[in-house]
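The values are calculated or read from the model by the stated rules, or taken from the named source; none is laboratory data. All of these numbers come straight from a predicted model, not from anything done at the bench. Here Cβ is always computed from backbone atoms with ideal geometry, including for glycine, and neighbour counts include all displayed protein chains.
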Amino acid sequence: MSTEQLHRIRLQVNGVAHEVEVPARRLLSDALRHDLGLTGTHVGCEHGVCGACTILVDGTPMRSCLMFAVSAADSELTTVEGLANADGTLGPVQQAFRECHGLQCGFCTPGFLTTITAGIKENPSPSEDEAREMIAGNLCRCTGYQNIVKAVCRAAELAATHSGEADQ
Amino acid sequence: MKPAPFDYVRPRTLDEAVQALAGRPEAKVLAGGQSLVPLLSMRLAAPSLLVDINALPDLDHVRVDETGVRIGALARHARVLADPEVRRVQPLVSLALANVAHPTIRNRGTTVGSLVHADAAAEMPMVLRLLEGSVDVAGPSGRRTIEAADLYVGPLESSLHHDEIAVEAFFPTLPARTGVAFEEISRRHGDYAMCGVAALVTLDGGGAVSRVRAGYLSASDVPAVVDLTEPLAGGITPASLEQAAAVALTQLDPETDIHATAAYRAHLVEVLTARVVTAAYQNASEHTHQSTQE
Ligand SMILES: Cc1cc2nc3c(=O)[nH]c(=O)nc-3n(C[C@H](O)[C@H](O)[C@H](O)COP(=O)(O)OP(=O)(O)OC[C@H]3O[C@@H](n4cnc5c(N)ncnc54)[C@H](O)[C@@H]3O)c2cc1C
Ligand code: FES
Ligand code: FES
């Protein structure tokens, strides 16, 4: 029988607080997927290289496979499930991926969407080179990246119009 | 694979953290986790206790004055890289940090964690040695300062005791009339480099070379620094640069792995030594020129 100690923690994900009981070794990626059923966050390599598991921790992109759930209890987490607009329509980065055909199998997509969401907040009008730099830490085996680069620039446009409308 | 089970504490004071490590030689400090968590997931390490230092107060500082740059244990790479004062006072720190992994890894990984992880393929341990910096550590008997020259004792091995926590790193500013440069070559941008070189070139009042030192990553099993003053004292020429690279190679030991052969790494040492020393010399000449104009 395992006597592994469990930790009762509160995870704040996409604005909702969840109470979970996890062993200390539970990766944050696994806690999201298995304990909370938020399977939008994907796990590719589980050692920090592919970027599929990228989520926003207090607004900053981080690898959820390189964090333990117990270490994330003080933070505000955003996963791909939290990127849609409040009315349920696609958020600007999601919409841009759809328009630009920025995905094929979609396995890598959640990590790109979260990374780009934070990226265009930091740099609201990226050049093509800056768009490439923004996604350089995420791997995609299908698209060849061209359409993802286009989607970054399109997402920035959409986000600008979106916030422009919100200001009016 | 998943990590093996371990006990976990997240202390709120440095004293508690040091106490938690006491008497537990198989315990490990968890900082950014960007090196440690992969090791745990691959079961290359299986500590019985993790002491998570992320909730410790007052350790995320980056302080800059005219003597140099002080970086707290919880300052993430990204934060240090974004600081314009760091770039002004010690440009080599910023030049090298831009080559540490990808932005997403830099958002979580700490510069101090990278220093004590002591990877000979990592940028910052080599830079700390080249700049003759130091790391302050806290342990059961108080604080002590470890000079960079005494910090690296073997592959992935630092001279920290198991119950010590690194609290701050110090990168001194550049001496007068000194220039720096850094370049590395990797298979993909953001990967660990197959070889990387940083150089410091100091000129005398007349603009002649008075001191040259170069740091090498991925060219031996510990972060390496080589004094190249002798071959270059007569001036920076193609012949003296070739001579300098030969001197460097006598003190390095590049190895073959899946990324590159030893012979290719040795070739990169030659190419990068020439390029980086030349660039550091130009950088020093610009500084010297500027300061005589002022
Ligand atoms: C995909 C990927 C690519 C990367 N590429 C690079 C690269 O190109 N160059 C590079 O340099 N690094 C690279 N890294 C590693 C990264 O820079 C890490 O952030 C860094 O090596 C360790 O910092 P950390 O805070 O994450 O430490 P952790 O992973 O938390 O700890 C690393 C080790 O140091 C010890 N430790 C950490 N902090 C302290 C402390 N304050 N006191 C005592 N012990 C401590 C830990 O116990 C552990 O043994 C990469 C990582 C990934 C995942
Ligand atoms: S699953 Fe986390 S980076 Fe690949
Ligand atoms: S769309 Fe298939 S991996 Fe990116």
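Run residue A:78 past the list (1) under 17 Å from residue A:108 (Cα atoms); (2) within 14 Å of ligand 2 (Cβ to nearest atom) and report the number of the one that doesn't hold. Of the numbered conditions (1) under 17 Å from residue A:108 (Cα atoms); (2) within 14 Å of ligand 2 (Cβ to nearest atom), the odd one out for residue A:78 is (2). Within the range B:181-208, being buried (at least 17 other Cβ atoms within 10 Å of the Cβ), under 23 Å from residue B:102 (Cα atoms) and more than 14 Å from chain A (Cβ to nearest Cβ) holds for B:181, B:182, B:183, B:184, B:193, B:194, B:195, B:196, B:197, B:198. If you go through the range A:33-44 and keep only what is out of contact with any strand residue (DSSP E or B) (no Cβ under 7 Å at 6 or more places or on another chain) and either touching a residue at least 40 places away in the same chain (Cβ under 8 Å) or surrounded by 17 or more Cβ atoms within 10 Å (Cβ to Cβ) (or both), you end up with A:33, A:40, A:42, A:43, A:44. Scanning the range A:69-104 for residues that are in contact with a Gly (Cβ under 8 Å, 6 or more places away or on another chain) and within 14 Å of chain B (Cβ to nearest Cβ) yields A:71, A:78.
Residue by residue, here is whether (1) outside any loop (DSSP other than H, G, I, E, B); (2) within 14 Å of chain B (Cβ to nearest Cβ); (3) within 16 Å of ligand 1 (Cβ to nearest atom) holds:
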residue: A:11; (1), (2), (3): yes, no, no
residue: A:18; (1), (2), (3): yes, no, no
residue: A:22; (1), (2), (3): yes, yes, no
residue: A:31; (1), (2), (3): yes, yes, no
residue: A:34; (1), (2), (3): yes, yes, no
residue: A:46; (1), (2), (3): no, yes, yes
residue: A:49; (1), (2), (3): no, yes, yes
residue: A:52; (1), (2), (3): no, yes, yes
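Note on the range A:97-132: residues that are crowded, with 17+ Cβ neighbours inside 10 Å and either within 15 Å of ligand 3 (Cβ to nearest atom) or at pLDDT below 95 (or both) amount to 14. Of all the numbered requirements in (1) within 13 Å of chain A (Cβ to nearest Cβ); (2) free of Cβ contacts under 8 Å to residues at least 40 places away in the same chain, residue B:88 misses one, and that requirement is (1).
Cβ-Cβ below 7 Å, separation at least six or inter-chain, first residue in the range A:136-148 and not assigned by TED's automatic domain parsing to the domain that holds residue A:43, second near ligand 3 (Cβ under 6 Å from one of its atoms) and part of a loop (DSSP other than H, G, I, E, B): which pairs? Here the result reads A:138/A:108; A:139/A:108; A:140/A:108; A:142/A:104; A:142/A:105; A:143/A:103; A:143/A:104; A:148/A:140, each pair linking the range A:136-148 to a residue that is near ligand 3 (Cβ under 6 Å from one of its atoms) and part of a loop (DSSP other than H, G, I, E, B).
Reported count of residues in the range B:1-21, each being hydroxyl-bearing (Ser, Thr, Tyr) and more than 11 Å from chain A (Cβ to nearest Cβ), is 1.
A single entry from A:45, A:53, A:108 fulfils the requirement of being over 13 Å from the mean Cα position of the chain (by Cα) and more than 24 Å from residue B:49 (Cα to Cα): A:45.
Table: residues versus (1) aliphatic (A, V, I, L, M); (2) touching a residue at least 12 places away in the same chain (Cβ under 8 Å); (3) in contact with a helix residue (DSSP H, G or I) (Cβ under 8 Å, 6 or more places away or on another chain).
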position: B:177; (1), (2), (3): no, yes, yes
position: B:198; (1), (2), (3): yes, yes, yes
position: B:211; (1), (2), (3): no, yes, yes
position: B:226; (1), (2), (3): yes, yes, yes
position: B:229; (1), (2), (3): no, yes, no
position: B:232; (1), (2), (3): yes, yes, yes
position: B:237; (1), (2), (3): no, no, no
position: B:244; (1), (2), (3): yes, yes, yes
position: B:248; (1), (2), (3): yes, yes, yes
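With the condition kept exactly as written, say whether any residue in the range B:99-111 is part of a helix (DSSP H, G or I) and among the small types (Gly, Ala, Ser). Taking every residue of the range B:99-111 in turn, none turns out to be part of a helix (DSSP H, G or I) and among the small types (Gly, Ala, Ser). Each residue in the range B:86-142 was checked for being touching a Phe, Trp or Tyr at 6+ places or on another chain (Cβ under 8 Å) and under 22 Å from residue B:24 (Cα atoms), and 2 pass.
Can you spot a residue in the range B:220-230 that is assigned to a helix (DSSP H, G or I) and either surrounded by fewer than 24 Cβ atoms within 10 Å (Cβ to Cβ) or not polar (S, T, N, Q) (or both)? Yes: one or more hits. The residue pairs whose first member lies in the range B:1-25 and is surrounded by 15 or more Cβ atoms within 10 Å (Cβ to Cβ), whose second member is in a helix (DSSP H, G or I), and whose beta carbons are closer than 7 Å, counting only pairs six or more residues apart or on different chains, are B:3/B:40; B:3/B:41; B:8/A:70; B:9/B:20; B:11/B:17; B:11/B:20. Residue count for the range B:22-42, restricted to those that are within 11 Å of chain A (Cβ to nearest Cβ) and more than 15 Å from residue A:68 (Cβ to Cβ): 1. The residue list B:155, B:140, B:125 contains one member that is surrounded by fewer than 16 Cβ atoms within 10 Å (Cβ to Cβ) and either within 9 Å of ligand 1 (Cβ to nearest atom) or closer than 18 Å to residue B:196 by Cα (or both), which is B:155.
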